[in-house]
Every structure is written in structure tokens, then in C-alpha cells.
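Read the structure below first, then the notes.
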Amino acid sequence: MGAAPAATAEPADADLELADSIVRELFLLVRQVKRSGERHRPEMIVDMAAYHVLAHLHFGGPQRAGEVAATFHSDPSTISRQVSALVKAGLIERRADPGDGRASLLAATDEGVRVIETERRRRAHVIASVLATWSPTDRQALTGLLGRFLDDYQTFEAQES
């Protein structure tokens, strides 16, 4: 029989208040970024959820629809609707799966890649403009701390599953 996992102490009230403030600030930041994206993206011809599927296929490479659904913890029918819109818009295509001729892989088209890269440049321009008055040291600190927070969060989630 293995040893029982070590009990973790409950966080102090001050730590919980700080964590709650961080969650609130992150929520507001994500909402602001989404709002900004919707306002400054006149070329986007699909909704943000479909855009995330497109970006995932661009950066992750061709995949089956089931793999995409699993990645997004989404119902396959939801992914299917997003894929249909992306195929109709010419941003992704279905390709034969070389490992299984009965299945198909989804992949970003050249036009899909162009849309992704245009959005990435737009977003980078906005963020660079927002940070223009920050010192290089503060910009690096923000980048480092956000990366560290994400790494630690992912590690925590992996241990919890």
C-alpha cells in the first residue's frame, strides 16, 4: 500500500483575498482582450471560438476533429459546427488521414494561416502600444511572471488530475 498524499494546509485569509484579486484582474484582462479583438478585427469572418480552433490547427498541425474536441474539452458537435464554418470560409480543409483512409484530418489552409498571422500582428501591435510607456525592465518582468504563473498553474492542474 502506498503512502497517503501529504495534507496541504488551507491558505490564509490574506492569501485567499490576494488570489481572489488576481482572478478578478485576470478575468477583466481576458474580457478586455476579447473586446479589443472584436472591435479591431473587421476582417475576421468567423467567431472567436472558431478562430481558436483555426489557431490550434495552425500551431498544432493537422488533427482529427475528435482530437480537437478533446483539446478544447468540447462536445464533438460543437467542434463540428465550428469546423463547418471554417471549411466554408476556406480557412481549414479536410485531408485524407494517411494512417487511416476512412478518417480525415483538419488542417489550416494558406488563407487560414494568413488570417492567423494578420490577427497575431494586430494583437501584438495593440499590446506593444499599451506597453509603450513601460520600461524594458517592467515589460520583461511582466512577461517572466506571466510565464511563471502559467507554468505553475499547469503543473498544479496536472497534479490535481
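The values are calculated or read from the model by the stated rules, or taken from the named source; none is laboratory data. If you're wondering where the values come from, they're calculated on a predicted model, not measured in any experiment. Neighbour counts are summed over all protein chains in view; Cβ atoms, including those assigned to glycine, are modelled from backbone coordinates with ideal geometry. Just so you know, the surface numbers come from the protein's heavy atoms only, side chains and all, with ligands and any DNA or RNA stripped out. Shrake-Rupley method; radii C 1.70, N 1.55, O 1.52, S 1.80 Å.
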message = Could you work out how much longer the chain between Asp75 and Gln32 gets when fully extended? Use 0.36 nm per residue separation minus the Cα distance between them, nm to one decimal.
response = 12.8 nm
message = Nearest 10 degrees is fine. How inclined is helix 110-130 to the longest principal axis of the chain, computing both from alpha carbons?
response = 30
task = Could you work out how far helix 13-39 tilts from the main Cα principal axis of the chain, as a 0 to 90 degree angle to the nearest 10?
result = 30
remark   = Under a 1.4 Å probe, counting only protein heavy atoms, Val23 has an accessible area in Å², nearest 10, of 90
For the chain, the fraction of alpha-carbon pairs in successive 10 Å shells from zero, as % = 8, 26, 30, 23, 11, 2, 0
key: On Cα atoms only, tilt of 76-88 relative to the major axis of the chain in degrees   = 50
task = Measure out, as a whole number of angstrom, how far apart the alpha-carbon centroids of region 115-161 and region 9-26 sit.
result = 21
request  = Would you mind working out the magnitude of the charge dipole of the chain relative to its Cα centre, with +1 at each Lys and Arg C-beta and -1 at each Asp and Glu C-beta, to the nearest 20 Debye?
outcome  = 960
query = How much FRET efficiency would the formula 1/(1 + (r/R0)^6) give for Glu157 and Glu117, where r is the Cβ-Cβ distance and R0 is 30 Å, rounded to 0.05?
reply = 0.50
note = Per-residue ellipticity at 222 nm attributable to helices in the chain (runs of n ≥ 4 DSSP H, -39500 (n - 2.57) apiece, nearest 500 deg cm²/dmol) works out to -22000 deg cm²/dmol
note = Extension length gain for Val126 and Gln140 (0.36 nm per residue less Cα distance), in nm, is 3.3 nm
ask   = When the gyration tensor of region 52-139 is built from Cα positions, what are the square roots of 5 times its three eigenvalues, in whole Å, from largest to smallest?
value = 32, 14, 12
